[in-house]
Amino acid sequence: MAAVKSLLTGNPAIAAEEPGTEAGLALRAFHYMTLMREVEDRIERKLYRQGKILGGVYVGRGQEAICIGAGLAVEPEDVLFPSHRDLGLYFIRGIHPRQVFAQYMGRVGGITRGKDGNMHMGDLSLHIVAIISAMAASVPVAAGAAMALRYKGSRNVALCFFGDGATSRGDWHEGLNLAAVQKAPVVYICNNNQYAYSTPLSKQMRCENVADRAPGYGIPGHIVDGNDVLAVNATVKRAIEHARAGLGPSLIECKSFRMTGHSAHDAASYVPEHLWAEWAQKDPILRLRSRILAEGWAEEQDLDRITGQIRSEVEEAVEWAENSPYPDPSEVLNNVYEQSIEGK
Amino acid sequence: MATTYLEAIREGIWEEMERDPNVFVIGEDIGIYGGAFKITAGMLDHFGEKRIVDTPISESAIVGAAIGAGMMGLRPVAEMQFADFITCGFDQIVNFAAKCRYRWGASVPIVVRAPSGGGIHGGPFHSQNPEAWFVHTPGLKVITPSTAYDAKGLVKSAIRDNDPVIFFEHKALYRRVKEELPQEDYTVPIGKARVFREGSDLSIITYGAMVYVAEEAATELEKEGISLEIVDLRTLLPIDEGTVLESVKKTSRVILLHEDTLTGGIGGEIAARIGEKAFEYLDAPVMRIAAPDTPVPYSPPLEEAFLPNPQKVLEKARQLLGY
C-alpha cells in the first residue's frame, strides 16, 4: 500500500502540485487513470489470455475518468459502493495492485482470499462496500448506509456507482426513491457506457438520458462528459456538497463508452465499427494528457516517467500475486457466520 | 399480567431500542399506524421518526437499506408487512446480506421480521410459510418462535446477533398465545431447540403454530395412555440436531410436523439427518405431516383441508405406534 502512495507522492512532478489545485488534481488523476488502465490491460489482455485468470474479467477501459474523477472528490471516510468498472476507486483508497491481481487469480493475497473473484472486493476499514452480481443491488444499500451516516451524526456521504443497464432494475428505482424520500446523503453516479452486455441503450430505456429520470424522484440530475475527469470531479463535488448540506441525493450521468466487450470473453461484434474509432479519439487518458501539457501543468517527460514507474510497479505486482498461494481447501468452511455453527 | 406473543415481540424490540441507541426499525406503515399487526404501536411517539422509519412500498429497498445501515454499525429491525412479500426482498436477503461475511468479511447485523402462517383466512398471499427458502441459504439464521417467552427472548438475541436473521412470527399466535414473562432482561439463544412437552412413546418435531396442534394431539393420546414428546425447534437455521437426535433416541418413533408445504420443507432435511445419525434407534419409519403441495387456499373448508390439524397428527401417530 505504501508503495503506491510513495509512487504518487514520490514523483516530483506530482508532489510539486498541491492536491487542491487544478494541476495537482489533474496529475493525481493522470496517475490513477494510468494505473487503472495498466492493471486492467494486464488482466484482460495478458493474464486472462494466458489462462491465469479463470473467472470473469470486467474492465473499465475508456471509462477511467468516471471512478477516478469521483474518487478524487471524496473524503477518506465517505463510503464507496463501486460497480464492476470502477477499479480506480480501490487504488485511491490504498489497495495495492498486488491485491487486485491476486484477487483475480483466486489467491490468498487477494482481498477476499479467493472467496470471490474479480471486482467483487470490499473492505469496511477502507469504507468500500463490495458489489454483488445482481445489478443495482447496491443502490438501496447505499441509501441505507447514507441514512446510517446521518443517524450517527457523521458528515460523511455515500457514493454509489452503476451502469446504464442497472437503471432498468427495480432495485435502482426503489433505492433512488427511498433515498429521495429520506433525503439521504448519497450521490448516485451512472457510468452510461451505452451498452448493457450486448443490449444498446435504445433497448434499455425510452428516455434520452438516464439523468432525465431524476425529476421523477424529485432530485437533481446532472449530465457530464464522462471522459473528462476534471468535469466529472467538479460535478461530483457539487453533488457531495449538496448531500453534506442535508439537501439529499443527486443523480449524475457520466456519458462514456465501453471500449471493450462486456467481459473478456466477449468480442463485442455487435458494436458498430465506427463507434470504436469515434470513441478512441475521446480516450480520457489521452485527453487528460493533452490538457496537462497544454496548461503547462507538467512536461511530457514527467508524464512518461509516471507511466514508466507504474509499468514496473505492475510487473512487480503480477509477480507477487503469482507467488501468492491458493487458499487451503479447509478455508471453504470459514466465515459463513461470525461464530462457526458446525456440529449444529 | 400475561403478555401476548405480539406484545412480547414489541417489548423485546422496545427494550433493545432502550438499551442500544443503534437499534432502529424500518418498514411499511410502522409509524403513526403502528404496523399492520400493531407490533410497533406507540414506538413513533416514544422513539421519534429517526428510529421508526416509514418507507415507501419497497421491500427490496427496506432490506437493502437495512443492510447498508447494518454495515455502518447500526442494528436495523426491518419489518415485512407479511412474510409473503419477503419475495420482493429476496435478492437482498439471499445474495447481499447472506453472503457478505463469507465473501469479504463484512458483518450484516440485520433482523428481517416476517409475519407468516395461515389459519386466518388470508388466502394465497397473506398466509404462506416461506422459511424453507431461507433455511437453504447459508449465512442466514432463521427463527420461528412458538411462545411469548421465546418470541421476546429470541427477538432480543436476533437484534444482538452479528449475522442476518430472518424472524418468522406466526400471525395466528399473535393474540392467541400468552404467558407471564420475567420482569428482568433475558434472551433465548439462537440455534437451541427445546423440549416443549416430555414424553416417551413418540416424538413430534415441530415449530411455530404447529406446536399447539401437536399439543392437542398429545392431550388426546394421553387419555389412551400414550406419551408424546414435542420438540419445538425454535430456530430452523442453524438446526439444533443434538436435541432432535436425543428425543429420537429416547422414543424411537418420530413425526416431523410443519405448516409449510411438504416437498422441500425442513421436515425432509431433519428426516435425512435422523436417517444418517440415529437409524439404529428407530422402531418405525420417519413420518412427515405438512401442508399439501398447493398454494394456501382462501375458503374456510379448503384452508382447513390444507392445514395440518390434531386429527391428522392423531391418525399418523396411531399408524406409527402400531407399526
Give me the dipole magnitude in Debye, nearest 20, for region B:3-179 about the Cα centre, with unit charges on the beta carbon: positive for Lys and Arg, negative for Asp and Glu. 340
Given a Förster distance of 30 angstrom, what is the FRET efficiency for A:S340 paired with A:S125, based on the Cβ-Cβ distance and rounded to 0.05? 0.85
Please work out the Cα convex hull volume for region A:1-126 and give it in Å³ per residue. 102
The answer for B:D29, listing residues at least 5 apart or on another chain whose modeled amide H is closer than 5 Å to its amide H, is B:T55
Sticking with the crude label model, points 7 Å out along Cα→Cβ, report the distance from B:L262 to A:A234 in nm, one decimal please. 7.0
Footprinting proxy, A:I53, B:I57: sorted fewest to most Cβ within 10 Å, the residues are B:I57, A:I53
Within-11-Å neighbourhood charge of B:I110 [Cβ basis; K, R +1; D, E -1]: +1
Neighbouring partner chain Cβ atoms per residue of A:134-142, average, 10 Å criterion: 6
If only Cα atoms are counted, what is the Rg of chain A, and what is its Dmax, in Å? 19.7, 67
Per-residue Cβ counts within 10 Å, from other chains only, averaged over B:228-235: what number is that? 0
Using +1 at the Cβ of each Lys and Arg and -1 at the Cβ of each Asp and Glu in chain B, identify which of B:T243, B:W104, B:I143 lies farthest towards the dipole's positive end. B:W104
Taking the Cα atoms of chain B, report the difference between the largest and smallest coordinate on each principal axis, in whole Å and largest first. 60, 41, 41
A student asked for the Cα radius of gyration and Dmax of region B:205-323 in angstrom ought to give 14.0, 44
Measure off 7 Å from each Cα along the Cα-to-Cβ vector at B:F90 and B:D29, then give the distance between these two points in nanometres to one decimal. 2.4
Per residue, the convex hull volume that the Cα atoms of region B:1-149 enclose (Å³): 121
For region B:1-48 and region B:129-176, what is the separation of their Cα centres, given in Å? 16
Quick one: length gained pulling B:V195 to B:K249 fully straight, 0.36 nm per residue minus the C-alpha distance? 18.1 nm
So, R0 is 22 Å and r is the distance between the beta-carbons of A:H274 and A:S202; what FRET efficiency does that work out to, to 0.05? 0.85
Would you mind finding the longest exposed-site-free stretch of chain A, with exposed GluC sites (Glu not before Pro) meaning DSSP loop and at most 14 other Cβ atoms within 10 Å? A:78-207
If amide hydrogens are placed 1.01 Å from N in the peptide plane, which non-local residues have theirs closer than 5 Å to the one on A:Y58? A:M119
Using the charge dipole of region B:3-179 (Lys, Arg: +1 at Cβ; Asp, Glu: -1 at Cβ; taken about the Cα centre), state which of B:I13, B:G73, B:I86 has its Cα farthest towards the positive end. B:G73
Scoring only Lys, Arg, Asp and Glu (+1, +1, -1, -1) among other residues with Cβ under 13 Å from the Cβ of A:E75 yields +1
Only Lys, Arg, Asp and Glu count, each charged at its Cβ (+1, +1, -1, -1), so figure out the dipole size of chain A about its Cα centre, rounded to 20 debye. 660
Checked against the positive end of the charge dipole of region A:27-163 (+1 on Cβ of Lys and Arg, -1 on Cβ of Asp and Glu, about the Cα centre), the farthest of A:H31, A:A102, A:Q50 is A:Q50
Which ³J(HN,Hα) values in Hz, rounded to whole numbers, follow from the phi angles of region A:197-209 under the Karplus curve 6.51 cos²θ - 1.76 cosθ + 1.60, where θ = phi - 60° and Gly and Pro get x? 6, 9, 8, x, 3, 4, 9, 9, 7, 9, 7, 6, 10
Relative exposure of A:R93, A:R107, B:R234, judged by other C-beta atoms within 10 Å (fewest first): A:R93, A:R107, B:R234
For the pair B:E280 and A:E77, what calculated FRET efficiency results from E = 1/(1 + (r/R0)^6), where r is the Cβ-Cβ distance and R0 = 56 Å, to the nearest 0.05? 0.40
Given Cβ point charges of +1 (Lys, Arg) and -1 (Asp, Glu) and nothing else, what value in debye, to the nearest 20, does the dipole of the protein assembly as shown about its Cα centre take? 680
How do A:H242, A:H31, A:H274 line up, fewest other C-beta atoms within 10 Å first? A:H274, A:H242, A:H31
Sum up the charges of everything whose Cβ sits under 14 Å from the Cβ of B:K178, counting Lys and Arg as +1 and Asp and Glu as -1, but leave B:K178 out. -1
Give the residue list of chymotrypsin sites (Phe, Trp or Tyr not before Pro) in region A:269-338 that are DSSP loop and have at most 14 other beta-carbon atoms within 10 angstrom. A:Y270
With label points set 7 Å from each Cα along the Cα-to-Cβ direction at B:K38 and A:V108, the distance between them in nm comes to 5.8
Taking amide H positions as placed 1.01 Å from N in the peptide plane, with prolines and chain starts having none, which residues 5 or more places from B:V142, or on another chain, fall under 5 Å of its amide H? B:I166, B:L236, B:L237
Percent antiparallel among DSSP beta bridges with both residues in region B:194-321, to the nearest 5? 20
Quick one: Cα centre-to-centre distance for region A:20-46 and region B:300-319, in angstrom? 68
Here is the link list: B:K38/B:K152; A:K255/B:K99; B:K178/B:K249; A:K115/B:K141; B:K192/B:K250. Which ones come out longer than 24 Å on Cα distance? A:K255/B:K99; B:K178/B:K249
Estimated D of the protein assembly as shown in µm² per second, where Rh is the Kirkwood radius over Cα pairs and Stokes-Einstein applies at 37 °C, 0.692 mPa s: 122
How shielded is A:117-129 by partner chains, expressed as the average number of their Cβ atoms within 10 Å of its Cβ atoms? 3
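We did not get these values from a lab; they are worked out from the coordinates using the rules stated. Because the structure is predicted, anything quoted here is derived from the model rather than measured. Positions of Cβ are generated from backbone atoms using ideal geometry, with glycine treated the same way; all protein chains shown enter the neighbour counts.
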